[in-house]
Amino acid sequence: MELELKRVTKEYGSKIACDRISFSFQRGVYGLLGANGAGKTTLMRMMCGVLAPTSGTIRFNNIDVSHEDYRDVLGYLPQDFGYYPEFTAMDFLLYIAALKGLPKPQAKEKMWDLLEQVSLEKEAKKKIKTFSGGMKQRLGIAQSMLNNPQILILDEPTAGLDPKERVRFRNLISRLGTDRIILLSTHIVSDVEHIAGTILVMKDGTLVHQGTREELIKAIDGKVWECTLPQSEADSLFENYSVINLRQESEARTFLRLIANEKPCASAMSVQATLEDLYLYYFSEVSKS
Ligand SMILES: Nc1ncnc2c1ncn2[C@@H]1O[C@H](COP(=O)(O)OP(=O)(O)OP(=O)(O)O)[C@@H](O)[C@H]1O
Ligand SMILES: [Mg+2]
């Protein structure tokens, strides 16, 4: 099983939303991490065959994703998924199943199976307009799974989930991820940190990092420091380094967590780097390298 992207580019006029992205997806869970406007949705829509690249190719097992057979193996949860508020969860899944061409008896069986998997079986007969954001997201995931897809693409599936629902979501993905390619986008590091075997970091239309959590963290290993300093010294470090976190400890002292190649001040202690550090380093205005 291979989904292969070769120099995939999407231009909107002079704006390059995705810039020569090459990557090969095999079985497993992938997290696509990037700030607003990084190009995640654009890339995912191209991977689903709903948006044509300006140049480059996307092939699943050597067949272009624009081929209609690809739809049979694909499940997709778009970022702006349109629900029908007056439909019940059950009506909705049966409706999508019909659109996907599932025979009715099979659709019913699959519907109950999926409602159970996303813990919505008790809400099956309730109207979607009464659902919380998290319940809608879980229903969105259920619809994407109706055809038991080999490739599952979820665009910001955790948006609007509360902490308990996030845990439930992670467990669901871990269960689903054993025998297919799952790609999910987010800008929340903790959503992918523990469920995605491979993390792709996207910035300004390009993949700036890819690898396991440990591999990514290596990029800043030994470069994360913490210190607590008088205000004036803290100000000077703030000017010169990439500060990840800053906290006023008392009127006179400021705590800093920052990235520096060398020890930035005498009292600085080297601390274990996290994926959150790497992400903030890339996506906030802190990067001063
Ligand atoms: N149809 C379009 N026409 C013109 N520009 C577009 C279009 N769609 C996206 N863009 C631009 O392409 C860039 C990438 O957008 P995209 O929606 O892929 O980002 P994203 O990473 O999904 O962001 P978010 O986290 O906000 O969902 C943005 O600068 C956006 O303004
Ligand atoms: Mg998006």
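Note on Tyr95 and Ala219: with the Förster distance fixed at 41 Å, the Cβ-Cβ geometry gives a FRET efficiency of about 0.35.
Modelled label positions at Ser55 and Val208, each set 7 Å beyond Cα in the direction of Cβ, lie 2.4 nm from each other. The DSSP beta bridges internal to segment 108-246 are antiparallel in roughly 50% of cases.
This model, with +1 at the C-beta of Lys and Arg and -1 at the C-beta of Asp and Glu, gives segment 162-254 a dipole about its Cα centre of some 580 debye. Based on the Kirkwood radius over alpha-carbon pairs, what value in µm²/s does the Stokes-Einstein equation return for the translational diffusion coefficient of segment 219-283 at 37 °C and 0.692 mPa s? After rounding, the answer is 280 µm²/s.
Each part reduced to its alpha carbon centroid, segment 52-104 and segment 183-233 end up 31 Å apart. Counted residue by residue at 0.36 nm each, then reduced by the alpha carbon distance between them, the extension gain from Lys15 to Thr228 reaches 72.4 nm.
What a 1.4 Å probe finds exposed on the chain is 48% carbon and sulfur by accessible area, rounded to a whole percent. Answer with one residue from Leu161, Val201, Met1: the one whose Cα lies farthest towards the positive end of the charge dipole of the chain, charges on Cβ with Lys, Arg +1 and Asp, Glu -1. Looking along the dipole axis, the top candidate is Met1.
In the chain, taking the dipole from charged Cβ atoms about the Cα centre, the farthest positive-side position among Val224, Phe92, Thr178 is held by Phe92. Straight-line reach from Lys126: taking Cα to Cα under 19 Å and skipping same-chain neighbours fewer than 8 places apart, the lysines in range are Lys108, Lys110, Lys136. The residues of segment 17-71 expose on average 45 square angstrom of accessible surface per residue, using a 1.4 Å probe on protein heavy atoms. Taking every DSSP helix (H) stretch of at least 4 residues in the chain, weighting each as -39,500 (n - 2.57) and dividing the sum by the residue count yields a mean residue ellipticity at 222 nm of -9500 deg cm²/dmol. Straight-line reach from Lys10: taking Cα to Cα under 16 Å and skipping same-chain neighbours fewer than 8 places apart, the lysines in range are Lys40, Lys203.
Modelled spin-label separation between Lys129 and Asp69, with each label point placed 7 Å from Cα along the Cα-to-Cβ direction: 4.4 nm.
The values are calculated or read from the model by the stated rules, or taken from the named source; none is laboratory data. Because the structure is predicted, anything quoted here is derived from the model rather than measured. When we count neighbours, we look across all protein chains shown, and the Cβ atoms used for this are built from the backbone with ideal geometry, even at glycine. Surface areas here come from the heavy atoms of the whole protein model, side chains and all, with no ligands, DNA or RNA. Shrake-Rupley method; radii C 1.70, N 1.55, O 1.52, S 1.80 Å.
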